[in-house]
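Report on the following structure.
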Protein chains: 2
Amino acid sequence: MRDIPPATVARLPAYVRALEGLLADGCVTTSSEGLAARSGASPALVRKDLSSLGSWGTRGVGYDTAHLRDQVVAVLGLTTQRRVVVVGAGHLGHALARYPVFADRGFAVVGLVDADPAVVGTTVGGLVVRPVDALAELVASTGATIGIIATPAGPAQEVCDALVAAGVGGILTFAPRTLHVPDDVDLRAVDVASELAILAFHDRRRRA
Amino acid sequence: MRDIPPATVARLPAYVRALEGLLADGCVTTSSEGLAARSGASPALVRKDLSSLGSWGTRGVGYDTAHLRDQVVAVLGLTTQRRVVVVGAGHLGHALARYPVFADRGFAVVGLVDADPAVVGTTVGGLVVRPVDALAELVASTGATIGIIATPAGPAQEVCDALVAAGVGGILTFAPRTLHVPDDVDLRAVDVASELAILAFHDRRRRA
DNA sequence: TAGATTGTTAATCGATTAACAATC
DNA sequence: TAGATTGTTAATCGATTAACAATC
């Protein structure tokens, strides 16, 4: 297996979901075209992506749905459960701590942290909210490798630094600001207000 | 102003935020390098992006921070308030309906809809939750142009179709599945479980 | 065999970086 | 004028699409 292009990696989760949908529909084999329709990619792109993973299709037939699903899941590293800590127990933190889709995909939220003393000690989704200064200990004791930042913009960089110091390898942030991490830490950012702003741009164009 | 590349549009909200941060720090002028540090782009990319908007910098000096902020805000179409309806009043819908950053950016959540009769009629963030079949009327009466899908995967395509039929021009979905919209509707997807899966991929690589 | 569909190569397209002349 | 920094062009890089030979 050679290096997998980042754009391909970003599509793999959609392929896994498409394959599970096809499995649920009883499709034993799938073509690149069928997979494309369900995943939003083009058939050519599906074939190219899968071939960069090593390719497990049969010419003239297609892909074995269950087998391909297992292979893509393995490539993504979803066979091992990943432990996740969430920082910020506001509305978003609550939503994340109880999001059932995480469990379906092998992620377990094992810790929830908040800066507000009034929130610390309350229970959310079976987890007792811990204070921010318990973060390092929490990551260490749970073996969490991924941190989620669900705080306002203000404390986000500080929280990010604390997660890095605690040793997580990947961070997903929802805070509306740019964050900086060392090269060996993987950062992904979801910015809801920016998404709306991009929609607003096209909206304006459409009406102009 | 020529056509603006999609990759550039996607960075404009980060530039707006960077510029507002610089303004708050009292920086009257900014260089592409300063803007790059705050926005996460490279200095060359900042200059290229801004020049594709028409360019308002001064060689040897930099950009007028306040003026540039106003220009980028105008390009994004954020000078007019946009009205947004949210479908799904679960944890995520709650979080979105009250997210203060939307208001800061000129977005107003004007409607909240849910399929659960037990939730319909309750008040969230000053909005009374409406039933799903009130969606078209709600969009029409409020003049909403953007819809947010905060439902589980199951009903998401149906909700998406209903938003399109109701006449919104842009949709932001959080549902973990691929959605299909007509060409004249703009769709952006945030998929939290996929983001974690991508982090898991790199995590696996790091430990391998 | 004939039809279908993959895997891969070549062509295209778009985005980023590097470099530097223009110019404040 | 000298130093700084933009705006733009050319070079590079990566991603997508098109096309088709391989082959089930």
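Computed quantities for the displayed model
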| item | result |
| --- | --- |
| Subset of the range A:169-208 (residues that are under 23 Å from residue A:141 (Cβ atoms) and either facing chain B (nearest Cβ under 9 Å) or among the basic types (Lys, Arg) (or both)) | A:169, A:170, A:171, A:172, A:184, A:186 |
| Count - residues of the range A:154-191 that are surrounded by fewer than 17 Cβ atoms within 10 Å (Cβ to Cβ) and touching a residue at least 24 places away in the same chain (Cβ under 8 Å) | 4 |
| Residues located in the range A:53-74, provided they are within 14 Å of DNA strand D (Cβ to nearest atom) and of a type in the set (Val, Ile, Thr) | A:58, A:61 |
| Selection count, the range A:12-35, where residues are closer than 21 Å to residue B:183 by Cβ and surrounded by fewer than 19 Cβ atoms within 10 Å (Cβ to Cβ) | 1 |
| Every residue from the range B:29-68 that is within 14 Å of another protein chain (Cβ to nearest Cβ), over 18 Å from residue B:7 (Cβ atoms) and charged (D, E, K, R) | B:38 |
| Any chance residue A:159 is within 11 Å of chain B (Cβ to nearest Cβ) and at pLDDT 95 or above | no |
| Leading residue by the ranking (nearest to the other protein chains (Cβ to nearest Cβ)) among those in the range A:1-28 that are more than 16 Å from DNA strand D (Cβ to nearest atom) and among the charged types (D, E, K, R) | A:17 |
| Looking only at the range A:42-68, and only at residues there that are charged (D, E, K, R) and within 20 Å of residue A:10 (Cα to Cα), the one that is farthest from DNA strand C (Cβ to nearest atom) | A:49 |
| Every residue from the range A:79-99 that is basic (Lys, Arg) and facing another protein chain (nearest Cβ under 7 Å) | A:82, A:98 |
| Helices (runs of 4 or more DSSP H) contained in the range B:1-110 and holding at least 1 residues in contact with a Lys or Arg (Cβ under 7 Å, 6 or more places away or on another chain) | B:6-24, B:32-39, B:43-53, B:91-97 |
| Flag for residue A:148 being facing chain B (nearest Cβ under 10 Å), buried (at least 21 other Cβ atoms within 10 Å of the Cβ) and touching a residue at least 24 places away in the same chain (Cβ under 8 Å) | yes |
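The values are calculated or read from the model by the stated rules, or taken from the named source; none is laboratory data. Note that the structure is predicted; figures quoted are calculated from it, not measured. Quick reminder, even Gly has a Cβ in these numbers, built from the backbone with ideal geometry, and neighbours come from all protein chains shown.
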